[in-house]
Amino acid sequence: MEIWDLYNERRELTGLDHIRGDTIPDGYYHLVVHVWIRNSKSEYLISQRSADRPMHPLKWECVGGSVLKGEDSLSGALRETKEEVGLSLLPNNGKLVCSTIGRVVNGIRFSDIVDVWSFDYDGEVDLRSATTKEVAKTIWMNKAAIKELFDNGELVDTLGYFFDLENV
């Protein structure tokens, strides 16, 4: 069972806990991180979701997920990265690019606060170091190739904002 902290619209902790899968009450939000990992060739680490994932199986995405109770955004980003792709990123190599509260994507309202992180990383990726089996494989791609995935419906559709960001 995964437990999240709930926040208000001012991003303040409310002291309420939330169990993943339950409906989030109106006016409350949970914290989510998206982690875009970039190498020195301006390529981004993209991961393919495992076939057994309940949502978006075999679609491509950046690292990301829900921040757990008691974690802050950066801690959640680092944990998700280790879990999904086995990388132990250095906190100082990351920067918070943007944050959105209560976003609407394709007409669907999400009760989340999405923090988008950018990390610089040059090195190998070995999924055997991942602590979950959420990811089937990874690949480094430039922004144009990622856009092609998106246009072909192969990238998780909630990541379309990526192409509007200049500082990732």
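The values are calculated or read from the model by the stated rules, or taken from the named source; none is laboratory data. No experiment lies behind these values; they were computed from the predicted model shown. Reconstructed Cβ throughout: ideal geometry from the backbone, glycine too, with neighbour counts over all protein chains shown.
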Taking Lys143 and the conditions (1) surrounded by 13 or more Cβ atoms within 10 Å (Cβ to Cβ); (2) charged (D, E, K, R); (3) under 30 Å from Asp17 (Cβ atoms); (4) in contact (Cβ under 8 Å) with a residue 24 or more places away in the chain, which numbered condition does it fall short on, given that it satisfies the others?
(3)
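Okay, residues lined up against (1) surrounded by fewer than 16 Cβ atoms within 10 Å (Cβ to Cβ); (2) modelled with pLDDT of 95 or more; (3) closer than 23 Å to Tyr7 by Cβ:
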| residue | (1), (2), (3) |
| --- | --- |
| Tyr44 | no, yes, no |
| Gln48 | no, yes, no |
| Gly65 | no, yes, yes |
| Arg79 | no, yes, yes |
| Ser88 | yes, yes, no |
| Val104 | yes, no, yes |
| Ser111 | no, no, yes |
| Lys147 | yes, yes, no |
Mind listing just one residue for me: the one in the stretch 4-25 that is in contact (Cβ under 8 Å) with a residue 24 or more places away in the chain and surrounded by fewer than 13 Cβ atoms within 10 Å (Cβ to Cβ) and, of those, nearest to Ile46 (Cα to Cα)?
Arg20
Only one residue in Asp122, Asp164, Asp157, Asp115 is over 25 Å from Val67 (Cβ atoms) and either polar (S, T, N, Q) or out of contact with any Pro (no Cβ under 9 Å at 6 or more places or on another chain) (or both), so which one is that?
Asp122
